Amino acid sequence: MIEPVIEIIGFTKIYESLTAVDRLNLNIEEGDVFGLIGPNGAGKTTTFRFLATLLLPTRGIARIAGYDVVRQVRDVRRSMGYMPDSFGVYYGMRVWEFLDFFAASYGISRYRRRRIIDDLLELLDLGHRRNDAVQALSRGMTQRLCLAKTLVHDPPVLILDEPASGLDPRARIEIKELIRELRSMGKTILISSHILHELADICTHVGFIEGGKLLAAGDLQRILEEIRSHQILEIRVIGAERREMERALGDNADVTDIRCDNGVWVVDFTGDDEAQAQLLASLLERGITVQEFHQRRVNLEEAFIKITRGEVT
Amino acid sequence: MRLRPLRQSPTLAALRRAPGFLVALLHPRNIPTAVGAIRMTLRVLRESARRVWAMGRAVAENPIVTKELGEIFQTRRAVILFALFLGLLGLTIYAAWPRGDLLLSNIDVVARRLVTVVGTTLLALICLLAPAFSAVAITGEKERRCFESLVTSGLSSKGILLGKLIASLVFLVMLIITATPMLSLCLLLGGVSPGELLGMFLLLLEAALGFTVLGLTASCIFERNNAAIGASYIIALPLMAVLLTMAWQGGLFSPGISMELLLVSVVITFFILSIFSRTTVRPRESRPSEEETAWSQRQTGLVLDRDLIPDRWIAPPRRKDLLPDGANPVLSKEIHSELIGQGTLMLRLIIQIGLALAVVPFTLLYFIGAPAWFFSYIAIFALLIAPTFTCGMFTGEHENRTFSLMATTLLRPRQIVMGKFLTGARLVLLLLGILIAPTLPALAYAHLSFIRGFTLGEFILCLVICLLWALALVALGLMWSLISRRTTTALVATYLTGGAILAGPLLIHAVVMSFPALPDAWAGVALPLSPLSHLFAIAPGEMSEVLFPAEGMTVSGGGGGLLFLSGALIATALALGAMTLGHDWVWRRWRGLGEA
């Protein structure tokens, strides 16, 4: 069995009367890009801060690269790069000084530091801003600089908490491309974001968290397949009356929910492809003119809504 | 209804024409005029009452007042402050309360002395607390990024400032009110009239108002909490020293002086409120461009030039290459940090004011044969500047949201603590050096020519006492910064503890010596803790026997000075050791609670 690079067992964090995270278990294997998805206050940042050695758990343990995050703090920090969701920069420093400070803080020799800073500035496309003051950088560039700082000691594990939050579309695309690049370099990445379709593009695995509980986790494609068993059909008809349409759809045993949005009937359907064909045939038999009949593609956003609603486990 | 100007009033014109006011009222022909005059007076009174009522309602309904009071009174800090305040006051009254034969003889003098002691203690506490509340009133909003929302709300600029002023004042007024029952006890002894007590209350209220306005002014001028607090205390502490000396002499607590000061303080308050409500309370650019900053700094002369000495020592030139292997990254980061490198108004202001005071009045004191005052000034100057540069070193990492970045590196607590301590120590010693250096040749000349009985060894000892006192203050400021969540808390705590160490022992001595009921042995117990008592014990100086008693020292002169040096060194080393060992514990505390 492959040893997971990130392993969380029964992590619970309680703040006085509030349970931020409740018995969370999670395994992430080497090379995975794991997206942790959940609404605000779900417990994502608490989990990330626990893994980043910044938070002590109420209960539970976690290991990163085999090191205990509570007891082997220095080994964990050496193996992991953490980018917080909200961070500042040291005013008065220039871009290269900022990276030099963090590289020196990880005990990297001056000879290696010089090369690392050059490489990172090139990788993050910050070479032209090398001598600029960090406070003069745009939000997107500051995010990239923080990502560069996270990579400065070449850790095998990256923990990125909302790396694209507050960025414009162009900067978000750049960050997404960077994460793809890091994935191709073999890094294991744990990432959270509110922009779900972006996660769908870069993640191999996802986990859904809400109210401090992990609702579902696993391979992204497998989860989407599961969701697909609860299909959504979109039907546009010409001239049919509302009552007639409701009767026609309601008579079908696979239809679980019907609603009409701007002339398009949206149907929750549990049947397979053959059952879909039968539904279409039954509509035509009743003399309803069907202009459009198709299955909506299930994406991560719908999966998120369905899972957090408790429709899928 | 709009009132007619008084000079155009027909009633008044008729009265002027009348042979005499009373005659005019009594004469049947003038009855309508008299009725008119009475009606006009009633109208004026009604209008005035309406305006006062409207103003009162505006203040009572000011959302700033509600918000601020909620913030102040719903925290543990308020309870602790009340408990400390009342505890200290109660202890003072208990210690100074006449006992035995004193209750029968000379009671008037003892009662008056008691009122003076209690009044001075209250005054000191009010003066110390007032800037702490108001200095962060506006800068706090800026740092929380709520300032623009506040200014663009329906509240007027004057309403915002007035709300902040009242909210800061209410807490202090409540402190004064809670002290009333204890203070009333003094009336039982006799010898003090209720009028005198009323005068004292009025003076305390004026002090609260004056020092609150001072803090608010600094808050309007500066952009950051620590700059506003530092500037407030730099002005407030010397002012407080003057006020306390006057109060101690007993000349301040009289109804006459209080009434005169009331008018002055109210006028100054309205003047300042009207100035700043027009100019300062407006949304600004969150951060001016570098060119704009450089221009304004050059215009005001408040800029550090990295290429020139002594600025070069304070703000070292930018690094051109990577850090050498084995160097402490925190030390380098702190030395080149914005506070030191940007040539802040604060830093230059401190240097300018400090130099002006050191070179002129205190060197003169040295020349007239009182060098102890010169060294005392250096010790006080160290107390004023050390917290400004050290109290934000740990809390700043939280406030600037850089804590997570640094905390997840492989930096060891020893590197972090020493990096920050050495930066603070370097800066404070440099500033003290700048303060002392211009006067050294003159001092040496005076020392050789005029001053007898003050050896070179003692001169150096006094200098080293001041420098080690400064180092201990740097460690103290860092400790408060490590255990506090906010820079403002750390600043106020450092000023209070540093001030207590500096002046507390002398005040205790003065209080004990003022009351024959207290055992004399208590007087000198705490004296060795204060550098001031050692400086006055070693160096010659025209000193008050009550305030600076050399004879109260258990070990006097050079021996006591050396003991103080050892104590300061040990205290600094212990503080650094405790910070290094406790650093992770404190972080774990934060880790347990989440980042501030």
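The values are calculated or read from the model by the stated rules, or taken from the named source; none is laboratory data. Not measured: the values here are computed from a predicted model. Please note: Cβ atoms are built from the backbone with ideal geometry, for glycine as well, and neighbour counts cover all protein chains shown.
Just checking, does the stretch A:162-178 include any residue being assigned by TED's automatic domain parsing to the domain that holds A:GLU122 and farther than 23 Å from A:LEU137 by Cα? No, there is no match, as no residue in the stretch A:162-178 is assigned by TED's automatic domain parsing to the domain that holds A:GLU122 and farther than 23 Å from A:LEU137 by Cα. Residue check: is B:ALA179 surrounded by fewer than 22 Cβ atoms within 10 Å (Cβ to Cβ), assigned to a helix (DSSP H, G or I) and at pLDDT 75 or above? Judged against the criteria, B:ALA179 is not a match. Residues that are within 19 Å of A:PHE304 (Cα to Cα) and at pLDDT 90 or above were ranked within the stretch A:26-42; the one that is surrounded by the fewest Cβ atoms within 10 Å (Cβ to Cβ) is A:LEU26. Residues that are within 29 Å of A:GLY218 (Cβ to Cβ) and either surrounded by 18 or more Cβ atoms within 10 Å (Cβ to Cβ) or not hydroxyl-bearing (Ser, Thr, Tyr) (or both): does the stretch A:85-106 have at least one? Scanning the stretch A:85-106 turns up at least one residue that is within 29 Å of A:GLY218 (Cβ to Cβ) and either surrounded by 18 or more Cβ atoms within 10 Å (Cβ to Cβ) or not hydroxyl-bearing (Ser, Thr, Tyr) (or both).
When you look at A:TYR111, is it in a strand (DSSP E or B), facing chain B (nearest Cβ under 10 Å) and aromatic (Phe, Trp, Tyr), yes or no? Give the derivation first.
Numbers: in a strand (DSSP E or B): no; facing chain B (nearest Cβ under 10 Å): yes; aromatic (Phe, Trp, Tyr): yes.
It is false that A:TYR111 is in a strand (DSSP E or B), facing chain B (nearest Cβ under 10 Å) and aromatic (Phe, Trp, Tyr).
Go through the stretch A:261-300 and count every residue that is of a type outside the set (Lys, Arg), loosely packed, with under 14 Cβ neighbours inside 10 Å, at pLDDT below 85 and in a strand (DSSP E or B). Matching residues across the stretch A:261-300 total 1.
Just to confirm my filter: which helices (runs of 4 or more DSSP H) fall fully inside the stretch B:50-169 and include at least 1 residues that are closer than 28 Å to B:LEU244 by Cα and modelled with pLDDT under 80?
Details: elements: B:63-73, B:76-96, B:107-134, B:137-143, B:147-151.
So the answer is B:63-73, B:76-96, B:107-134.
Return yes when A:ALA103 is within 12 Å of chain B (Cβ to nearest Cβ), among the small types (Gly, Ala, Ser), in a helix (DSSP H, G or I) and under 27 Å from A:ILE202 (Cβ atoms) and no when it is not. Yes.
Would you say A:GLU122 is more than 21 Å from the chain's Cα centre (by Cα) and either crowded, with 21+ Cβ neighbours inside 10 Å or of a type in the set (A, V, I, L, M) (or both)? Reasoning before the result, please.
On the way: more than 21 Å from the chain's Cα centre (by Cα): yes; either crowded, with 21+ Cβ neighbours inside 10 Å or of a type in the set (A, V, I, L, M) (or both): no.
So A:GLU122 does not fit the description; no.
Checking the structure you have, find out if any residue of the stretch B:113-135 is of a type in the set (D, E, K, R) and in contact with a Lys or Arg (Cβ under 9 Å, 6 or more places away or on another chain). No - not one qualifying residue is present in the stretch B:113-135. Annotation note: Cβ proximity below 7 Å between a residue of the stretch A:1-23 that is of a type in the set (S, T, N, Q) and a residue that is in a loop (DSSP other than H, G, I, E, B) (sequence gap 6+ or interchain) occurs for A:THR12/A:PRO57; A:THR12/A:THR58; A:THR19/A:GLY212.
When you look at A:ILE14, is it touching a strand residue (DSSP E or B) at 6+ places or on another chain (Cβ under 6 Å) and surrounded by fewer than 20 Cβ atoms within 10 Å (Cβ to Cβ), yes or no? It is false that A:ILE14 is touching a strand residue (DSSP E or B) at 6+ places or on another chain (Cβ under 6 Å) and surrounded by fewer than 20 Cβ atoms within 10 Å (Cβ to Cβ).
Table: residues versus (1) surrounded by 20 or more Cβ atoms within 10 Å (Cβ to Cβ); (2) at pLDDT 75 or above; (3) within 27 Å of B:LEU129 (Cα to Cα).
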position: B:THR494; (1), (2), (3): yes, yes, yes
position: B:HIS509; (1), (2), (3): yes, yes, yes
position: B:VAL512; (1), (2), (3): yes, yes, yes
position: B:PRO531; (1), (2), (3): yes, yes, yes
position: B:PHE564; (1), (2), (3): yes, yes, no
position: B:ALA596; (1), (2), (3): no, no, yes
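Test B:ILE335 against the criterion of being modelled with pLDDT of 75 or more and either within 12 Å of another protein chain (Cβ to nearest Cβ) or surrounded by fewer than 22 Cβ atoms within 10 Å (Cβ to Cβ) (or both), and give yes or no. So B:ILE335 fits the description; yes.
State whether the residues of the stretch B:219-234 include one that is in contact (Cβ under 8 Å) with a residue 24 or more places away in the chain and either of a type in the set (Lys, Arg) or in contact with a His (Cβ under 7 Å, 6 or more places away or on another chain) (or both).
Restricting attention to the stretch B:219-234, the residues satisfying the condition of being in contact (Cβ under 8 Å) with a residue 24 or more places away in the chain are B:219-234.
Add one more test, that the residue is either of a type in the set (Lys, Arg) or in contact with a His (Cβ under 7 Å, 6 or more places away or on another chain) (or both), and what stays is B:224.
Yes, the stretch B:219-234 has at least one match.
Which of (1) buried (at least 20 other Cβ atoms within 10 Å of the Cβ); (2) at the interface with chain B (Cβ under 7 Å from one of its Cβ atoms); (3) charged (D, E, K, R) is the odd one out, the single condition A:ARG129 does not satisfy? Going through (1) buried (at least 20 other Cβ atoms within 10 Å of the Cβ); (2) at the interface with chain B (Cβ under 7 Å from one of its Cβ atoms); (3) charged (D, E, K, R) one by one, A:ARG129 breaks only (2). A:TYR90 meets each of the listed conditions (1) within 8 Å of another protein chain (Cβ to nearest Cβ); (2) at pLDDT 90 or above apart from (2). Of all positions in the stretch A:212-222, at least one carries a residue that is in contact (Cβ under 8 Å) with a residue 40 or more places away in the chain, of a type outside the set (A, V, I, L, M, F, W, C), in a strand (DSSP E or B) and closer than 26 Å to A:LYS13 by Cα.
Selection of the stretch A:18-45 for residues being within 14 Å of chain B (Cβ to nearest Cβ) and not in a strand (DSSP E or B) yields A:GLY41, A:GLY43, A:LYS44, A:THR45.
For A:GLY207, indicate whether it is in a strand (DSSP E or B), surrounded by 18 or more Cβ atoms within 10 Å (Cβ to Cβ) and out of contact with any Asp or Glu (no Cβ under 8 Å at 6 or more places or on another chain).
Values: in a strand (DSSP E or B): yes; surrounded by 18 or more Cβ atoms within 10 Å (Cβ to Cβ): yes; out of contact with any Asp or Glu (no Cβ under 8 Å at 6 or more places or on another chain): yes.
When the stated conditions are applied, A:GLY207 passes them.
Select from the stretch B:313-322 the residues that are of a type outside the set (Phe, Trp, Tyr) and modelled with pLDDT under 90 and list them in ascending order.
Correct list: B:ILE314, B:ALA315, B:PRO316, B:PRO317, B:ARG318, B:ARG319, B:LYS320, B:ASP321.
Exactly one residue out of A:VAL206, A:VAL152 is under 19 Å from the mean Cα position of the chain (by Cα) and of a type outside the set (D, E, K, R), and it is A:VAL206.
Can you go through A:ARG63, A:ARG71 and tell me which one is more than 10 Å from every other protein chain (Cβ to nearest Cβ), outside any helix (DSSP H, G or I) and closer than 23 Å to A:GLU162 by Cα?
Details: A:ARG71 fails: closer than 23 Å to A:GLU162 by Cα.
Answer to the selection: A:ARG63.
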